[in-house]
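The values are calculated or read from the model by the stated rules, or taken from the named source; none is laboratory data. Just so it is clear, the model here is predicted, and its values are computed rather than measured. With ideal geometry, Cβ positions are generated from the backbone for all residues, glycine too; neighbour counts draw on all protein chains shown. Heavy atoms of the whole protein, side chains included, go into the accessibility calculation; ligands, DNA and RNA do not. Shrake-Rupley method; radii C 1.70, N 1.55, O 1.52, S 1.80 Å.
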Amino acid sequence: NIVHAQPYLSLLPSAIASLNAGIPYVVTFHGPPNLRAFASHFGAAFLHVLTYFVLPRAAAIIAVSEETRQAIAEAFGIEESTVEVVRNALHIEDFRGLASPEGSSPAGLLVSRLDDDKERSVSAALDLFAELKRLDARWRFQVVGDGGIAQSIRARAEAIKLNDIEWCGARSGIS
């Protein structure tokens with residue numbers, strides 16, 4: 001038995017429940033922690049509890065990339081070696097060579113919150129979209145999501161000449 005805790009508000013209840021049950025818990029970060037956003041949304045006490053109670057008692061701290069591991073170590077003042085990297089279980093090779101319908105354009109889809117803590121990864125996705133478009137002008141892109149940085153993300157897309165993105169806004173029931 002193990003409890004798998006993920007940011008944000010579930011971290012403390014997960015830690016307390018697992019400690020009360022006498023079972024370990026692990027914490028997984030799917031992106032670099034944004035301490036400024038954590039503090040503004042959840043308060044300084046949340047950061048204190050996360051830094052000095054939740055993370056030190058975790059059986060493991062997991063990051064989905066080396067970049068995220070480094071950001072966790074820097075943000076919380078812990079050794080990088082204490083953060084395990086476990087990549088998302090998507091094997092890109094499984095998708096190579098899949099045929100698109102005849103005459104269709106290649107397409108890219110980004111589904112994300114458009115909040116401060118996602119700005120870096122969303123910007124990286126836009127850079128990828130721009131490079132794909134440079135290589136093949138037929139590429140088309142959709143962005144699903146909304147949040148506080150939506151306008152600045154749209155402005156960034158325009159600045160790098162991605163003027164034909166379909167902005168779909170927030171959606172529910174995506175599977």
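Quick rundown of the values:
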read-out	value
Residue count for region 31-57, restricted to those that are open to solvent by 20 Å² or more (accessible area, probe 1.4 Å), touching a strand residue (DSSP E or B) at 6+ places or on another chain (Cβ under 9 Å) and modelled with pLDDT of 90 or more	1
Failed condition for ASP164, given (1) closer than 21 Å to SER104 by Cβ; (2) open to solvent by 80 Å² or more (accessible area, probe 1.4 Å); (3) not in a loop (DSSP other than H, G, I, E, B)	(3)
Residue list for region 69-82, filter: touching a residue at least 40 places away in the same chain (Cβ under 8 Å) and among the β-branched types (Val, Ile, Thr)	ILE72
Count - residues of region 112-139 that are touching a residue at least 12 places away in the same chain (Cβ under 8 Å), outside any loop (DSSP other than H, G, I, E, B) and acidic (Asp, Glu)	4
Pick from region 140-161, criterion open to solvent by 70 Å² or more (accessible area, probe 1.4 Å) and assigned to a helix (DSSP H, G or I), ranking: farthest from ALA130 (Cα to Cα)	GLN151
Selected residue (criterion: surrounded by the most Cβ atoms within 10 Å (Cβ to Cβ)) from residues of region 73-109 that are β-branched (Val, Ile, Thr) and modelled with pLDDT of 70 or more	VAL83
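One line per residue, one yes/no per condition, for (1) more than 16 Å from ASP117 (Cβ to Cβ); (2) charged (D, E, K, R); (3) without any contact (Cβ under 8 Å) to a residue 24 or more places away in the chain:
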site: ASN1; (1), (2), (3): yes, no, yes
site: PRO13; (1), (2), (3): yes, no, yes
site: VAL27; (1), (2), (3): no, no, no
site: PHE38; (1), (2), (3): no, no, no
site: GLU67; (1), (2), (3): no, yes, no
